[in-house]
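The values are calculated or read from the model by the stated rules, or taken from the named source; none is laboratory data. Predicted, not measured: the structure shown is a model, and the values here were computed from it. Counting neighbours? That spans all protein chains shown, and the Cβs are built from the backbone with ideal geometry, glycine included.
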Amino acid sequence: MSIFKKITLLFLSSLFLMIFIAFWVEKSNLKKNEVIQINNYITDAKVILSIFAKGENIKLQKKLSELGLQKVDKSSFLHKSSTVFRKSLTYGEIKVIKTNSKYYLYIKYLDNELIVYDKSQEDYINDLKITYLLLILDISLLIIIYLLVLKMIMPLKNISQTMKLFSSGDLSVRTDVKTGDEIGEVAESFNKMAEKLQKTIQSKEELLRDVGHELKTPIAKGKFAIEKLENSKNKEVLKKVLEELDSLTSDILQIKLLDEENLNRTKFKASTLIAEALSKLFINEDDLEIVIDDFEIDADLHYLSVALKNLVENGLKYSVKTPIVIEAKPEQITVISFGEKLDKDLEYYIQPFTRDSNNKHGYGLGLNIVKKIVDKHNFFLNYNHLNGYNFFTINLSQTYDNQNN
């Protein structure tokens with residue numbers, strides 16, 4: 001989960017909790033206020049009923065003023081009110097009526113009928129309005145803080161996107177974040193690091209390219225000169241050395257091209273891929289067996305055929321006996337050869353210039369090139385050893401679980 005989603009989740013949780021607590025407190029206070037108001041009205045009702053019973057109605061208005069009560073016209077609210085308390089008397093009844101958050105006392109005694117309102121409620125209602133206002137201000141402040149925090153960390157998203165572009169191979173990309181705080185320092189440090197890495201990588205790439213091209217000419221001249229020599233043991237040794245140097249140079253240039261070029265994806269059959277790979281090799285038909293359940297592949301034919309060619313070449317080079325087998329079935333192509341299990345994990349051999357102790361040929365770039373091609377396609381390379389056979393499999397599914405094989 002991204003930091004933006006986490007902050008949004010925290011904000012929504014805080015907002016929900018604040019509203020829930022405010023609602024719960026308000027409901028609790030309203031209930032308490034209702035109980036208090038009912039008890040006060042019951043006390044007031046006893047005083048008013050005493051006046052009615054004595055027939056001292058002339059003193060009623062003065063007593064209402066002393067109690068802080070105000071007469072109310074019945075017709076103004078009873079149609080939209082609710083009764084929260086009711087008590088029947090011998091000669092009448094008393095009720096506490098609620099309407100629009102206000103409480104009224106209704107008294108009926110014989111022919112006397114009275115509705116009064118406790119003016120002290122106004123203080124509570126005003127306090128309630130202030131509470132609502134403070135709640136709105138709190139929520140507004142929380143939203144403002146949330147937006148400010150998002151604005152403060154928004155540059156992190158820019159830096160993250162820039163880093164992803166850089167890691168995907170765009171070495172020229174830089175972040176333009178300049179905030180003057182710790183995030184700005186991170187952005188500046190990244191730009192400096194990216195600049196140094198770009199120069200280092202470019203210098204290495206230029207060196208590889210120059211060395212590769214420069215070696216091609218003397219190697220070609222050496223091969224031509226060797227052909228002029230008389231047949232001898234030394235001639236064969238020199239020829240083999242130059243062939244290995246030529247292979248090494250080609251591998252170096254191939255790695256360089258892999259880093260620079262984009263894939264040219266097309267759709268083709270597995271049989272086409274195998275034919276293309278074998279066309280790059282000089283191989284005796286008796287040394288190879290092909291088992292194919294043809295299917296369609298979406299990939300770069302040139303590069304994927306190079307990867308398969310390297311696996312077949314390794315199989316022929318290190319197999320104890322022939323034939324080696326190319327097995328193609330939907331979503332995977334496997335090269336099977338008879339021989340000892342690799343001394344180390346596959347990860348060791350896909351590093352450049354790494355070989356087994358018994359490897360007397362090549363410079364350890366073949367599997368490295370295979371892995372680069374497979375990774376560039378988002379495919380998978382897997383290795384198993386079973387019953388004396390080595391299985392190198394290119395799995396062509398981009399959702400392949402490598403741990404299951």
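Going through region 53-76 one residue at a time, which ones are assigned to a helix (DSSP H, G or I) and either surrounded by 14 or more Cβ atoms within 10 Å (Cβ to Cβ) or touching a residue at least 24 places away in the same chain (Cβ under 8 Å) (or both)?
Passing the criteria: Ala53, Asn57, Leu60, Lys63, Leu64, Leu67, Lys74.
Any idea which residue in region 238-290 is modelled with the lowest pLDDT, counting only those that are charged (D, E, K, R) and in contact with a Pro (Cβ under 6 Å, 6 or more places away or on another chain)?
Checked region 238-290; the qualifying residue modelled with the lowest pLDDT is Asp287.
Looking at Ser168, Ser140, which one is of a type in the set (Gly, Ala, Ser), more than 19 Å from Asp181 (Cα to Cα) and at pLDDT 85 or above?
Criteria check complete, one pass: Ser140.
Restricting region 114-171 to residues that are among the hydroxyl-bearing types (Ser, Thr, Tyr) and surrounded by fewer than 11 Cβ atoms within 10 Å (Cβ to Cβ), which is nearest to Asn191 (Cα to Cα)?
Ser167
So which of Ile159, Ile97 is in the same structural domain as Ala53 (by TED's automatic domain parsing) and touching a Ser or Thr at 6+ places or on another chain (Cβ under 8 Å)?
None of the other options fit; the residue is Ile97.
Please tell me if Ile107 is over 60 Å from the mean Cα position of the chain (by Cα) and loosely packed, with under 12 Cβ neighbours inside 10 Å.
Spelling it out, it is not the case that Ile107 is over 60 Å from the mean Cα position of the chain (by Cα) and loosely packed, with under 12 Cβ neighbours inside 10 Å.
Condition check ((1) in contact with a Phe, Trp or Tyr (Cβ under 7 Å, 6 or more places away or on another chain); (2) more than 18 Å from Tyr124 (Cβ to Cβ)) across all residues:
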site	(1), (2)
Phe16	no, yes
Gln37	yes, no
Glu56	no, yes
Lys62	no, yes
Ser82	no, yes
Gly92	yes, yes
Thr99	yes, no
Leu105	yes, no
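Among the listed residues Ser50, Ser81, Ser28, identify the single one that is loosely packed, with under 11 Cβ neighbours inside 10 Å and without any contact (Cβ under 8 Å) to a residue 60 or more places away in the chain.
Only one candidate passes the filter, namely Ser28.
Which one is farthest from Leu12 (Cα to Cα), of the residues in region 129-142 that are in contact (Cβ under 8 Å) with a residue 60 or more places away in the chain and not charged (D, E, K, R)?
Taking the candidates together, the pick is Thr131.
Tell me, please, whether a residue that is over 32 Å from the mean Cα position of the chain (by Cα), at pLDDT below 80 and among the basic types (Lys, Arg) can be found in region 319-327.
No: region 319-327 contains no residue that is over 32 Å from the mean Cα position of the chain (by Cα), at pLDDT below 80 and among the basic types (Lys, Arg).
Quick one: would you say Glu34 is part of a helix (DSSP H, G or I) and within 41 Å of the chain's Cα centre (by Cα)? Steps first, please.
Details: part of a helix (DSSP H, G or I): yes; within 41 Å of the chain's Cα centre (by Cα): no.
The answer is no for Glu34.
Residues in region 124-145: is at least one basic (Lys, Arg) and in contact with a strand residue (DSSP E or B) (Cβ under 6 Å, 6 or more places away or on another chain)?
no
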